[in-house]
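Notes follow the structure.
Rule-based calculations on the coordinates, nothing more; no lab input. Computed from a predicted model, the values in this text were never measured in an experiment. Every residue, glycine as well, gets a Cβ built from its backbone with ideal geometry; the counts of neighbours run over all protein chains shown.
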Amino acid sequence: MRNRLNWRFVLFGVLATLLQCLLDALLESDGLLYFLVVIPLVSFVLIVLLVVATRSKKRLSLATLSMLVLFWLLSFLFIRNLFVIRNAARWALQSRHYKAEVLSQTDPPNGDMKHIDWDGWGFPGAGDTNVYLVFDPTDSLTAAVKNHQGTKYSGIPCRVPRVNRLERQWYAVMFYTDERWGKPHYDCGMNN
């Protein structure tokens, strides 16, 4: 009876982890705070709880161990899929605003797709990574979602390493570090 699993405790831990991941995805674009602060801090607290529960022979030791393992698993999945999770969360909350902003643009004269700055991150000395929200009226970028290699697509001036489909005709397109759409002094460096 001592090691019976307390499912409510574990469920609370899983829900708290998912909420923290979602908040981090909405507030931070690169997940660095989550990786460097949240994971070590929560892991430390859970390990201390596990040691205390094990020494005092309480029922929460199995639940705490389960919560720690699930926290690490969910955190790994979150960090690995941060780009997709962040895009989906932002799109779900503000797609109307972004669509109106992109669609209000005049058609670019050079054949580029309509786009706006969508996201970005960087660190001094390491460069900036830029992500653009792209409207693709022909949905030609659908194949790009499955292609995980740097490729050049019609209507986008640079080779891009990653494309994420938000919904039909709408994509988040990540450029290589220090490449920007329409900025002559950055443009498409070595990856073009």
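Data table
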item	result
Label selected from (1) 190; (2) 112; (3) 135, the criterion being volume of the Cα convex hull per residue in Å³ as computed here	(3)
Burial ordering of Trp121, Trp181, Trp91, fewest other beta-carbon atoms within 10 Å first	Trp121, Trp91, Trp181
Within the chain: Cβ-based charge dipole about Cα centre, in debye rounded to nearest 20 (Lys, Arg +1; Asp, Glu -1)	1440
Quotient of Cα Rg and 2.2 N^0.38 Å for segment 2-77, N being how many residues it contains	1.16
Among Pro124, Pro157, Pro40: highest mean-square fluctuation, GNM of the chain, C-alpha pairs under 10 Å	Pro124
Kirkwood Rh, Cα atoms: Rg over Rh of segment 95-174	0.97
Which of Glu167, Glu179 has the fewest Cβ neighbours within 10 Å, and the rest in rising order	Glu167, Glu179
The chain - percent relative contact order, Cα under 8 Å, separation 6 or more	17
Length-normalised contact order of segment 79-136 in % [C-alpha pairs under 8 Å, at least 6 apart]	26
Lysine pairs with alpha-carbon atoms under 29 Å apart, the chain, spacing 8 or more or separate chains	9
